[in-house]
């Protein structure tokens with residue numbers, strides 16, 4: 001199955017991409033997708049357990065993904 005990983009702010013800058021298309025086996029979880037992302041150059045700046053959302057809803061690492069899902073890796077945000 002294919003899922004889209006959306007990257008924002010410092011994560012997009014570190015990987016040099018705003019999004020990544022991943023091919024994952026059926027039954028793959030958010031954690032599985034993050035492990036695949038960690039193999040990309042620059043992914044060392046993405047924590048192993050970042051804040052994530054699947055289809056615009058906050059998610060846990062053990063959530064099972066479905067074909068066509070959008071997984072957003074959300075960087076920390078500071079305001080003033």
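Values in this text are rule-based calculations from the coordinates and carry no lab data. Treat the numbers as computed from the prediction; the structure is a model and nothing was measured. Virtual Cβ from ideal backbone geometry, glycine too; neighbours counted across all protein chains shown.
Residues of the stretch 33-69 being in contact (Cβ under 8 Å) with a residue 60 or more places away in the chain and either within 19 Å of residue 10 (Cα to Cα) or surrounded by 17 or more Cβ atoms within 10 Å (Cβ to Cβ) (or both), which ones?
Answer for the stretch 33-69, where residues must be in contact (Cβ under 8 Å) with a residue 60 or more places away in the chain and either within 19 Å of residue 10 (Cα to Cα) or surrounded by 17 or more Cβ atoms within 10 Å (Cβ to Cβ) (or both): 65, 69.
Going through the stretch 70-80 one residue at a time, which ones are surrounded by fewer than 16 Cβ atoms within 10 Å (Cβ to Cβ), under 15 Å from residue 11 (Cα atoms) and within 13 Å of the chain's Cα centre (by Cα)?
Residue satisfying the conditions is 74 alone.
Select from the stretch 12-23 the residues that are touching a helix residue (DSSP H, G or I) at 6+ places or on another chain (Cβ under 7 Å) and more than 22 Å from residue 66 (Cα to Cα) and list them in ascending order.
Correct list: 14, 15.
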